[in-house]
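No lab work stands behind these numbers, since they all come straight from the coordinates. No experiment lies behind these values; they were computed from the predicted model shown. A quick note on method: Cβ atoms are made from the backbone with ideal geometry, for glycine too, and the neighbour counts reach across all protein chains shown.
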Amino acid sequence: MKYLLIIFLLTPLFVDAQDDLLDEIDTNATEGQYATAAFKGLKIVNFESTKLVAKDELTFIVSHRFGSVKNGIDTFFGLDEAVTRIHFVYGITDAINIGVSRSSFLKIYDVTAKYRLVRQEENGFPFTIVGFNALLINTALEKENLPLLKFKHRLGYTAQILISRKINTDFSIELAPTFFHDNYVQMDEQSNSQFALGFGGRYKLGKRWSVNADYGLHLNRASNSPFKNPLSIGLDLETGGHVFQMHFSNAQAMNTNGFLGQGTGDWLDGDVYFGFNLSRRF
Amino acid sequence: MKKIIYLIALISINSFAQSKYLTKTGTINFEASVPSVEEVKAENNSVTAILNSDNGEFAALVFVKGFRFKNALMEEHFNENYAESDMYPKATFKGKIKDFSMDMLNSELEFKLDGTLTFHGKTKQVNDVVISLNKEDDLISASGNFKVLVSDFDIKIPRIVRDKVSEEVQITYKFDLKKR
C-alpha cells in the first residue's frame, strides 16, 4: 500500500520531467487564415483574376496587344497595329474596387466594379468568390455607317462571377461564369445577350514568376460567327510594386465583351497577338 | 518512512501547482526599414507565449501570416517571397531566462534570455536577449527587443530591393502573461 502511494505520488514528477513548454502552446490551428495571393496580377491574362487592389491604393495598368504576328516582318509582327488600354483601379476597401479605362480597340471607355464576396480560408471555405461588373461605351461606331445609331447602341454590359482556388503554393485555378450583353452586335444572328465560361490558372515557376493561361468558352455564339473562343498563354513577372505580364492570345481586345465576343485570331493558323499588361501601384 | 512519503507528497503537490504564466495576445513587431524609403514594418497581436516561473523557461509561438503591414502588397510579398508562410506557417522561440527568480519580480527588472529562434524553417541560437520583467498580482509583463539578420534564416533579399530592405531586423516584443 505504501509503495503504491509512493508510485502514485511520484507520477506527476515523471510527467513534469518530460514536458516542453513549446509543446504546451504548439497548435496547428490555422483556421480562419486566408489563403494569400492566388494570382499576382489583377488579370490572369485576359480574364479578371480574384485579386483586388488594397484599400486606398491606386493601380495603373497599361495593356498592349500588338496586331497578329501572322503578317510577320511586314507589320513587324504586329507592332504597327498595336492597340492599347489604359486602366486605373482604386480600392475603396480591400474588398471593393472601382476602375475606369479607355481602350483604343473600338475606342471603348468603360467603368468597372469588382467586389469580393468570400475569401478562401485554410481548413475553411475552399474558394475565393469575386463579382465583376463593367459598363462599356463603344465610341468607334459612326453615324455615317449606321444611320439609325442611337447612344444606347454604344453600350455594353458585363457581369461575371470569379471563383478561384489556390490549390497549393504554386498552383491556382479559376472558373469565371460570364454574362455579357452588347446593345450592338456586328452580326444579326448573334444574340445580344451572350454567355461564356472562363477557365484560368497560374503555375509558379519561381518565387516571382509564373506561367498563366486562360480560355473562354462561348456558350451561344451564332453558328456563322467568324469569332473564336479566346485562348491566352503568358508569363507573369513580379518586381516589387510592378507586375509585368507577357502573353500570346488569339483575341486582340482587352475588355471582357471584346475578347469573348470579338476574338478573331486562330492559334492553328498562327494568327495570334503578342501583348503585355504592366501594372504599377501608387 | 512516513517522512519520506510526506516529502514526496509535498514535492508532487508542488509540481502539480507548478506555476505557468501564459498569454495568447502578445505582440511582436519587426522592422527592417532603411532610412528615407518606405518603412518595412509589421506587427502581430496574437502571439502565444508561456513562462514557467519555477525555472525561468520561456517559449513563444506565432503564425507568420498574422503579421500586418501598412502596405497590403508588402504583406503579400513578405508571405509569398520571403517568409514563405504557406510552407513555414509558424515561428517559434524556446529558451530560458538566466538567473530567474520569482522573488525578484516585484519591480521592473532586466534579465538575460538565451534560446533558439525558428523562422522560415531555420533555427538560430540567440543569446543574452534583454528581457524586462515586472510582476503585478497575477500578471507578469515581459518586454524587450533584439536584432537578427535575415541571412541567418536563409532569406535572400533580391538585388533590386536591396536598398529598400535592411539586412538587419529589429524585433520588439511585449507579453502580458497571466497566471494559468
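What to note about this one:
- Here the Karplus curve 6.51 cos²θ - 1.76 cosθ + 1.60, taken at θ = phi - 60°, turns the phi angles of segment A:208-217 into couplings of 10, 9, 8, 9, 10, 8, 8, 9, x, 9 Hz, with x standing for Gly and Pro.
- Size-normalised alpha-carbon gyration radius of chain A, reference 2.2 N^0.38 Å: 1.35
- All aspartates and glutamates inside 18 Å of B:LYS124 as judged from Cα atoms, apart from same-chain residues fewer than 8 positions distant: B:GLU57, B:GLU84, B:ASP114, B:ASP152, B:ASP154, B:GLU167, B:GLU168
- Separation in nanometres of the label points that stand 7 Å from Cα toward Cβ, at A:VAL211 and A:GLU121: 3.5
- Cross-link reach list, lysines versus B:LYS2, counting only Cα pairs under 28 Å and skipping chain neighbours closer than eight places: A:LYS2
- Once the GluC sites (Glu not before Pro) in DSSP loops with at most 11 neighbouring Cβ atoms within 10 Å are cut out of chain A, the longest remaining piece is A:32-141.
- Taking the Cα centre of the protein assembly as shown as reference, the dipole from Cβ charges on Lys and Arg (+1) and Asp and Glu (-1) amounts to some 400 debye.
- Within segment B:130-180, GluC sites (Glu not before Pro) in DSSP loop having at most 15 other beta-carbon neighbours inside 10 Å: B:GLU167
- Segment B:123-180 versus segment A:29-102: alpha-carbon centroid distance in Å: 38
- 0 to 90° range, to nearest 10: angle between helix B:2-16 axis and chain B longest Cα axis: 20
- Between the beta carbons of A:ILE96 and A:THR75, assuming R0 = 51 Å, the FRET efficiency works out to 0.80 to the nearest 0.05.
- Each residue of segment B:40-55 was assigned a 3J(HN,Hα) from its phi angle through the Karplus expression (A = 6.51, B = -1.76, C = 1.60, θ = phi - 60°), giving 10, 8, 8, 9, 10, 9, 10, 8, 9, 9, 9, 10, 9, 7, 7, 10 Hz with x at Gly and Pro.
- Whole-number Å³ per residue for the convex hull built on Cα positions in chain B: 135
- Under DSSP loop assignment and at most 12 Cβ neighbours within 10 Å, longest trypsin sites (Lys or Arg not before Pro)-free interval of chain A: A:1-142
- The HN-Hα couplings worked out from phi for segment A:147-162 by the Karplus form 6.51 cos²θ - 1.76 cosθ + 1.60 (θ = phi - 60°) are x, 8, 4, 10, 4, 4, 5, 7, 8, x, 10, 10, 9, 9, 10, 10 Hz, whole numbers, x standing for Gly and Pro.
- Net charge of the neighbourhood of B:GLY26, taken over other residues with C-beta under 13 Å away and scored Lys/Arg +1, Asp/Glu -1, is +1.
- Take the Cβ atoms of A:PHE88 and A:ASN168, set R0 to 35 Å, and the FRET efficiency comes out at 0.60.
- Tilt relative to chain A, helix A:2-17 - C-alpha long axis, 0 to 90 degrees, to 10: 30
- Above-threshold pairs, the threshold being 31 Å between Cα atoms, out of A:LYS51/A:LYS150; A:LYS107/B:LYS164; B:LYS41/B:LYS112; B:LYS24/B:LYS96; B:LYS98/B:LYS179: A:LYS51/A:LYS150; A:LYS107/B:LYS164
- In this structure, the amide hydrogen of A:GLY263, modeled 1.01 Å from its nitrogen in the peptide plane, lies closer than 5 angstrom to those of A:LYS228, counting only residues at least 5 positions away or on a different chain.
- Inter-centroid distance (Cα atoms) of segment B:42-60 relative to segment A:216-255, Å: 51
- Structure remark: mean-square fluctuation, Gaussian network model of chain A, C-alpha springs under 10 Å; the largest value among A:ILE61, A:ILE233, A:ILE73 belongs to A:ILE73.
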